[in-house]
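**Student:** Below is a structure I'd like to ask you about.
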Amino acid sequence: MKVTFGVAVYNVSQYLEACVESILCQDGGDFEILIIDDGSTDQSGTICDRYAQKDMRIRVIHQENRGISAVRNRIIEEAEGEWISFIDGDDKIVEDAYRRMEKNLSDSFEMVYFDWQTFVYDHAVSAYTNGSPSVILENNAIVQLAFATLYKGNGVPAFANKTLRSVCAKAYRRSFLIESHLRLAEDLAYGEDILFNLQCLSKCGRVKLIQEPFYLYRQNLNSAVHKYNPGIIKQYTNLSQKLSAYLKTNPFGQDMEKRLNLESITYIMYVLKLDICHKENPKSKADRKKAFDQLMQSRWCINAIENADVTLLAKKDRRAYAVIKKKNFNAVNRFYQRKYWWDRMKRFANKTGISKRLKPLYDQLKRGI
């Protein structure tokens, strides 16, 4: 059983060596490392070539910058393994990842999900486990997994609630992807892996979930999920429309439309957080209010706010939803301005390790000691 570890690389020279070394150190096994350098402008390409010269298991393809979906589609097309496991160039896998794959991959499954861990800088590593033994999913259980792929909140079963929505921390049988003509949407800048996984699950007969950490996800607190992004409205509108169009023809049932409404609520939150109400937005308050009013009047936004089942909203999203649904720009703006500074404080605490050192004190206070 040959596995292709498909590594997506774009300007990650700071972390790339750690990523590749985490794969090379796997104990035995028949695997290849297929690295796609998506037009990096730093030293990433040079690092890739250096590793390819040292180890015959590594293949490197350089291409003009086309985006992460194009990279992953190239991996699907070029892979020589029976199974494909996607890895981002700034992440890693655990030391015995291949051993865990080897004992769990089988032709009777189309996809295998693994547990994962997240780490912030080089400080604490937090484990994410699905809370149940390894399970084989069929029929309605796959639908429940699809629910968790679209939106994680109340009503999602324990076995699916901690699965990573990304294509990472998974293994895909390559023949299944090829024969089912499954590819990632290259015109999506956000959420392309959510749509891809839903499309995969709709065609799966059996999926296996493994309660063993496999993937180490680097939480970069300086990433785009915190920065001002003036193009995010168009991007999330595009994603919401594609998901809506797909779900009208999918076999998951009408309950998936409820999950889409909840997912769309999170898109509204991101638009407000990263664009309209972001502290670094240079536009005047009048222009930002105009953008807010246009967002509130858009069809996908109205549908989400009016039809969202609040009982299914995750607790962390309910307060923001309660403010947003009133459609009062001043109230929403104040909420996200405060949230901006609160998030900055949390990122600083994680970066310096203060949060880790203060956690015992916080736990004591929580217990009333």
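The values are calculated or read from the model by the stated rules, or taken from the named source; none is laboratory data. Everything numeric in this text was worked out from a predicted model, so none of it was measured. FYI the Cβ positions are ideal-geometry reconstructions off the backbone, even for glycines, and counts take in every protein chain you see. Quick note on the areas: whole protein, heavy atoms, side chains included, nothing else; ligands and nucleic acids left out. Shrake-Rupley method; radii C 1.70, N 1.55, O 1.52, S 1.80 Å.
**Student:** Does anyone have the angle between helix 255-271 and the longest principal axis of the chain? Alpha-carbon axes, 0 to 90°, nearest 10?
**Tutor:** Between helix and principal axis, roughly 70 degrees.
**Student:** Before I look further, what does the chain give for accessible area per residue, probe 1.4 Å, in whole square angstrom?
**Tutor:** Counting only protein heavy atoms, the per-residue value for the chain is 48 Å².
**Student:** On to the next question. Would you mind putting 303-315, 52-64, 83-95 in packing order, based on average other-beta-carbon counts within 10 Å, highest first? Write down the numbers at each step before the final one.
**Tutor:** Details: 303-315: 15.4, 52-64: 13.8, 83-95: 23.2.
Sorting 303-315, 52-64, 83-95 by mean packing, highest first, produces 83-95, 303-315, 52-64.
**Student:** Of all accessible surface on the chain at a 1.4 Å probe, what whole percent is carbon and sulfur? Please list the in-between numbers first.
**Tutor:** On the way: 8670 of 17820 Å².
Reported share for carbon and sulfur atoms: 49 percent.
**Student:** Continuing with this model, one more query. Can you give me the three principal axis dimensions of the chain from its C-alpha atoms, in Å, biggest first?
**Tutor:** Principal extents (largest minus smallest coordinate, Cα): 59, 52, 46 Å.
**Student:** Report, in listed order, any pair from Lys242/Lys283; Lys2/Lys103; Lys227/Lys326; Lys234/Lys290; Lys234/Lys289 with a Cα-Cα distance greater than 20 Å.
**Tutor:** Details: Lys242/Lys283 29 Å; Lys2/Lys103 13 Å; Lys227/Lys326 26 Å; Lys234/Lys290 16 Å; Lys234/Lys289 17 Å.
Check vs 20 Å cut-off fails for Lys242/Lys283; Lys227/Lys326.
**Student:** List the trypsin sites (Lys or Arg not before Pro) within segment 266-311 that fall in a DSSP loop (any state other than H, G, I, E or B) and whose Cβ has at most 15 other Cβ atoms within 10 Å. Please list the in-between numbers first.
**Tutor:** Working: sites: Lys273, Lys279, Lys283, Lys285, Arg288, Lys289, Lys290, Arg299; in loops: Lys279, Lys283.
For trypsin sites (Lys or Arg not before Pro) across segment 266-311 that sit outside H, G, I, E and B with at most 15 neighbouring Cβ atoms in 10 Å, the list reads Lys279, Lys283.
**Student:** Largest first, how would Ser22, Ser106 line up by accessible area (1.4 Å probe)?
**Tutor:** Values: Ser22 10, Ser106 45 Å².
Largest to smallest exposure gives the sequence Ser106, Ser22.
**Student:** Rounded to the nearest 0.05, what FRET efficiency do Lys227 and Glu138 have when you use their Cβ-Cβ distance and R0 = 41 Å?
**Tutor:** Values: r = 41 Å, r/R0 = 1.01.
Once rounded, the FRET efficiency stands at 0.50.
**Student:** In what order, largest first, do Tyr113, Tyr217 sit by accessible area if the probe radius is 1.4 Å? Walk me through the numbers before you get to the answer.
**Tutor:** Working: Tyr113 5, Tyr217 85 Å².
Accessible-area ranking of Tyr113, Tyr217, largest first: Tyr217, Tyr113.
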